[in-house]
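The values are calculated or read from the model by the stated rules, or taken from the named source; none is laboratory data. All figures in this text were calculated on a predicted structure; none of them were measured in a lab. Every residue, glycine as well, gets a Cβ built from its backbone with ideal geometry; the counts of neighbours run over all protein chains shown.
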Amino acid sequence: MGDDFINVKGGRVWFRAAGKERKKTPLLVLHGGPGGSWDYLQPLEALADERPVIFYDQLGCGNSDRPSDKSLWTLARYVDELETIVRELGLSSFHLLGNSWGCMLGIEYMLEKRPKEPASLIFSAPCLSAGRWHEDQRRYIAALPEKERMIIEKAEAQSSFGPEYEQAMMVFYKRHLCRLDPWPEVLNRTFAKLNRDIYLHMWGPSEFTITGALKGFERAQRLAEVKIPALFTCGRYDEASPETVEYYRRMMPGSKIRIFEGCSHSHHLEDTRGYIEAVRNFLPEK
């Protein structure tokens with residue numbers, strides 16, 4: 001296993017290469033957030049028994065440098081960063097797995113037709129349309145207990161997101177972000193490390209209140225431009241709803257979908273064995 005740093009615009013990015021001695025095509029993993037870290041995706045190291053699995057913390061996140069310059073917190077710069085990672089690691093061929101915001105980063109990389117195209121794509125709990133994401137969260141909020149629903153709606157109307165809002169947010173999260181009780185240590189580590197300034201700037205005060213720079217992100221209509229094999233995954237209660245993820249799948253002819261029953265946005269933690277099996281079965285033998 002190798003941990004090291006790569007220089008990118010704005011600072012150093014930390015990465016880990018598990019199973020780097022393996023001969024099969026590497027899997028490069030993009031964590032969620034924005035502002036998250038690789039920690040909650042650590043169970044994917046199980047795939048390193050067959051191929052290298054490469055994780056990295058995006059600039060401003062986790063173990064990477066944390067500059068305060070907000071001009072660095074853009075989708076375009078994070079795509080440039082991904083291209084730098086691919087180049088500096090000498091990845092002549094690789095598979096790309098994005099989780100949540102990592103799917104936004106991955107599809108943008110593909111649509112910009114960067115020099116090194118992945119051999120395949122895995123979109124886990126994807127957001128590829130901020131509009132559809134917003135609609136799904138509104139539907140979920142409408143199904144919350146009246147107390148939490150009213151707190152959320154009042155906070156959003158007043159743009160005031162205090163302790164009551166955060167408590168109501170956690171009721172939502174325990175339904176749609178992670179249904180395990182207690183939450184796994186790897187997920188708690190990611191939340192402890194979360195760069196909230198990046199998250200607020202690019203997304204908003206919570207998963208369901210979108211006020212940041214990505215509010216207008218819409219790429220679903222362009223999915224047909226991507227011609228490589230793709231797998232979509234989500235949980236039955238995922239913030240990325242099964243209906244929306246199936247819509248994405250239809251937009252990408254030939255792609256596959258796996259819905260994890262009883263699971264949510266963190267289905268890779270709630271059904272780790274099933275998730276690893278699904279990814280392993282999707283990836284080619286080489």
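Determine, yes or no, whether P126 is surrounded by 19 or more Cβ atoms within 10 Å (Cβ to Cβ) and either without any contact (Cβ under 8 Å) to a residue 12 or more places away in the chain or over 13 Å from the mean Cα position of the chain (by Cα) (or both).
No.
I'd like to check something: does region 133-144 contain any residue that is closer than 23 Å to R16 by Cα and either surrounded by 20 or more Cβ atoms within 10 Å (Cβ to Cβ) or within 15 Å of the chain's Cα centre (by Cα) (or both)?
To start, the set of residues in region 133-144 that are closer than 23 Å to R16 by Cα comprises none.
No, region 133-144 contains no residue that is closer than 23 Å to R16 by Cα and either surrounded by 20 or more Cβ atoms within 10 Å (Cβ to Cβ) or within 15 Å of the chain's Cα centre (by Cα) (or both).
Six or more apart or on different chains, Cβ atoms under 8 Å: show the pairs whose first residue is in region 159-181 and under 14 Å from T209 (Cβ atoms) and touching a residue at least 40 places away in the same chain (Cβ under 8 Å) and whose second is among the hydrophobic types (A, V, I, L, M, F, W, C) and surrounded by fewer than 14 Cβ atoms within 10 Å (Cβ to Cβ).
Pairs that qualify, where the first residue is under 14 Å from T209 (Cβ atoms) and touching a residue at least 40 places away in the same chain (Cβ under 8 Å) and the partner is among the hydrophobic types (A, V, I, L, M, F, W, C) and surrounded by fewer than 14 Cβ atoms within 10 Å (Cβ to Cβ): there are none.
Can you name the residue in region 62-93 that is within 22 Å of C127 (Cα to Cα) and hydrophobic (A, V, I, L, M, F, W, C) and is also surrounded by the fewest Cβ atoms within 10 Å (Cβ to Cβ) among such residues?
A76
Cβ-Cβ below 8 Å, separation at least six or inter-chain, first residue in region 95-110 and within 14 Å of E225 (Cβ to Cβ) and at pLDDT below 95, second part of a helix (DSSP H, G or I) and of a type outside the set (D, E, K, R): which pairs?
none
Filter region 74-116 for residues that are more than 22 Å from R189 (Cα to Cα), under 16 Å from the mean Cα position of the chain (by Cα) and in a loop (DSSP other than H, G, I, E, B) and give the result.
The one that is more than 22 Å from R189 (Cα to Cα), under 16 Å from the mean Cα position of the chain (by Cα) and in a loop (DSSP other than H, G, I, E, B): T74.
Just to be sure I understand the filter: pairs with C-beta atoms under 6 Å, separated by 6 or more residues or on different chains, first member in region 233-250 and within 10 Å of C263 (Cβ to Cβ), second member in a helix (DSSP H, G or I). Which pairs pass?
Correct list of pairs: C234/P242; C234/V245; G235/H267; Y237/H176.
Could you say whether any residue in region 165-178 is farther than 18 Å from D238 by Cα and not in a helix (DSSP H, G or I)?
no
On the basis of being surrounded by fewer than 24 Cβ atoms within 10 Å (Cβ to Cβ), of a type in the set (S, T, Y), out of contact with any Gly (no Cβ under 9 Å at 6 or more places or on another chain) and over 20 Å from L283 (Cβ atoms), does T25 make the cut?
Numbers: surrounded by fewer than 24 Cβ atoms within 10 Å (Cβ to Cβ): yes; of a type in the set (S, T, Y): yes; out of contact with any Gly (no Cβ under 9 Å at 6 or more places or on another chain): yes; over 20 Å from L283 (Cβ atoms): no.
No.
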